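Worksheet: the structure to be examined is printed underneath.
The values are calculated or read from the model by the stated rules, or taken from the named source; none is laboratory data. Treat the numbers as computed from the prediction; the structure is a model and nothing was measured. Cβ coordinates were reconstructed from backbone atoms using ideal geometry, including for glycine residues, and neighbour counts include every protein chain displayed. Only protein heavy atoms, including side chains, enter the accessible area calculation; ligands, DNA and RNA are left aside. Shrake-Rupley method; radii C 1.70, N 1.55, O 1.52, S 1.80 Å.
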Amino acid sequence: MIPKTKKKKCICDTKNILKKITGTPAPLDKREINEIRLKLFTERNSDGTGSLVLRGNDIFQRYNRRITDFDIGAICRYVRELKLRVTKIDLCYNKITDVGFFKLLKKVLVKGRSSVLDLNIMNNELTDKSVLHLSKYAQFIKLKYLRLNGNDIGTKGGEYFADFLENNTSLERCDIGQSGQTLTSVAYIVTALRIDHGANRYLKVLDLSRVVPLFNRYQYETKWLAYHIEYLLERNDTIIELHLQNNEFIGHDIEYVLRGLRKNKTLLYLDLGYNKIRDYGIELIAEYFKEKPELVLLNVAGNNIGDTGARALSFGLPFSKIRALDISKNKLNAKGVLYLLNTIKKPVFLRFLNLFGNNFDQTTCDVISRMLLSGVLFQHTIDVRIYESGGRLHAAYYPNPADRNKHLYYCELDYGCYQPICKIVRKKIEEKKRVKVDCQQRHKLDKTNAFDF
């Protein structure tokens with residue numbers, strides 16, 4: 001038997017020896033945004049591209065800070081040196097100013113081999129100077145998606161953005177809502193999109209929500225804004241999606257908008273949510289539906305529409321091609337809801353229907369329940385869920401996929417708080433479906449097969 005010998009332990013102080021060799025560097029700041037952390041926030045797609053998602057709400061909950069101008073240099077260097085093609089950069093809800101945006105513009109966006117197609121920089125601290133720099137480099141920018149909403153760029157920023165639209169040939173979807181736009185800047189933007197003015201022939205989606213009531217020639221009235229929208233619809237043939245929320249439109253303003261729509265053959269999605277069109281405005285829209293327009297999606301949520309407007313809409317809806325209708329958060333009674341439910345079976349199948357926020361009684365709940373059982377409606381395409389309690393049917397809110405627009409638009413966290421990053425999962429990019437409407441969130445909303453009906 002060979003006796004076992006004990007292994008001798010090293011009596012050297014390895015930590016002190018290592019410090020003598022490498023020195024004593026300063027400890028790394030736990031909140032520093034470096035390459036390692038940027039890799040954790042890079043979503044990998046199945047088509048070989050990546051998306052850098054640095055949303056301020058998520059970063060703040062993790063590191064108790066937001067992205068600032070100091071971090072833009074590291075982000076630019078990371079995007080340029082990464083072997084993966086980064087096609088999307090999401091920097092919403094941070095503290096980036098004009099200095100940081102100009103650095104991002106010069107080092108990433110205007111490069112000849114820039115792969116970034118989607119930039120979301122909403123709710124930062126940008127001013128009209130950032131839009132001025134954007135307009136100067138308009139010919140070299142390859143962006144297709146741009147979100148500037150929530151930044152106080154003001155009237156001057158709107159004028160510079162109009163210059164950007166005139167010189168750029170790649171942008172397809174832009175959002176400048178809630179950015180301090182006035183009737184003056186809206187006039188410049190409409191002029192930049194006119195056919196008879198060398199219009200931008202590439203823009204498809206435009207958001208002009210919450211326009212500030214200021215103008216340098218006359219007192220603000222909503223009819224003047226409606227007049228500009230009419231002029232835009234008459235002289236443009238590329239925009240397919242138009243958002244006009246929170247602009248205080250009344251029923252008479254819809255006359256101007258519809259006058260422009262009658263001369264427009266390309267618009268498919270009209271968003272008039274949270275205005276004041278009331279019954280008269282929806283009656284005008286119902287009369288317009290009888291002309292069989294190309295409109296496919298309509299949002300009239302939060303417009304104080306009553307049973308009279310619902311009855312008028314029920315007469316015009318069967319002639320239309322509407323496939324998605326949002327009439328939630330209005331003043332419909334059970335009778336008004338029944339008017340709409342009785343027109344569901346129309347030649348063009350109604351894919352999405354939002355009704356919650358109105359009044360429901362026993363009869364209305366019974367009709368919706370029978371429609372769900374018969375296949376006229378589907379639970380994942382309606383925002384109302386019927387349940388039984390005490391021998392009676394009641395209606396509850398059901399967050400269907402079609403009602404996630406607000407959640408996706410404002411880039412809210414899925415669970416209300418950040419989730420631990422434990423594993424990077426490759427994101428599957430599905431093939432584009434053969435649908436007529438190509439809206440901002442279509443690939444996330446459409447969960448039904450259009451060829452089954």
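See the values below:
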read-out	value
Accessible surface of region 38-410 [probe 1.4 Å, protein heavy atoms]: carbon and sulfur percent	50
Cβ-based net charge around Cys174, under 12 Å, with every Lys or Arg adding one and every Asp or Glu removing one	-1
Ranked by how many other beta carbons lie within 10 Å on average, peptides 189-195, 119-125, 386-392 from highest	119-125, 189-195, 386-392
Cα shape, region 120-199, gyration tensor, a/c 1.5 rule	oblate
Normalised alpha carbon radius of gyration of region 38-410 [divisor 2.2 N^0.38 Å]	1.08
